[in-house]
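Structure first, commentary second.
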Amino acid sequence: MIVEIGMFSGFTLFFVVWYLSIKINSIKTVGMCKENLECYHGNKGMFKYEIEGIQHYSCEKKAHYGKCKAGKEYTIYVNKNNYDKFVSEKFLGNLKFMMLFVGIYVIILCYSEFILT
């Protein structure tokens, strides 16, 4: 049981660090989905967005679960160093869900191991 707690705590820490690295190294902006691309691991969108007066067209850096609708505006996080790499708010939502799910599981495991026994 201790090994499971350590393993899932490591997963939670990994998701938290991944989420924070995206949030810290990104600029929040709005992009319009031009096209939905079917990918091997989920879906990616082709987005049109503007930063510092320059129009950019690019595909998402990471795939997410669920489809982006073409013609709809989404909040995206563009990398500060390379404006062609970004992730959508939908991907960050999936990441938040995984942090919450695994974190609650770790709390339940800790409670059952250390409090109930």
Between N36 and M1, take the C-beta separation as r, use R0 = 35 Å, and let me know the FRET efficiency to the nearest 0.05. 0.20
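Using a 1.4 Å probe over the heavy atoms of the protein chains, calculate the carbon and sulfur portion of the accessible area of the range 50-92 as a whole percent. Don't skip to the answer; put the middle values down first.
Working: 1180 of 2570 Å².
Here carbon and sulfur together make up 46 percent of the probe-accessible area.
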Using a probe radius of 1.4 Å on heavy atoms only, what accessible surface per residue do you get for the chain? Whole Å² is fine. 64
Can you sort Y105, Y19, Y65, Y49 by solvent-accessible area, 1.4 Å probe, largest first? Y65, Y105, Y19, Y49
What distance in nm separates the two pseudo spin-label positions at C110 and S9, each 7 Å out from Cα along the beta-carbon direction? 0.7
Of the listed values [x] 78, 29, 20; [y] 60, 27, 20; [z] 54, 23, 18, grab the one calculated as Cα extents along the principal axes in Å from the structure here. [y]
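Does the range 1-65 come out rounded, prolate or oblate by the C-alpha gyration tensor, with a ≥ b ≥ c the root eigenvalues, rounded set by a/c under 1.5 and, if not, prolate when a/b is larger than b/c and oblate if not? Can you show the working numbers first?
Details: a/c = 5.41, a/b = 1.94, b/c = 2.78.
Oblate, since a/c reaches 1.5 and b/c is not below a/b.
The values are calculated or read from the model by the stated rules, or taken from the named source; none is laboratory data. Because the structure is predicted, anything quoted here is derived from the model rather than measured. Every residue, glycine among them, receives a Cβ derived from its backbone with ideal geometry; neighbour counts consider all protein chains shown. To get the accessible areas, we keep the full protein, side chains included, count just its heavy atoms, and leave off ligands, DNA and RNA. Shrake-Rupley method; radii C 1.70, N 1.55, O 1.52, S 1.80 Å.
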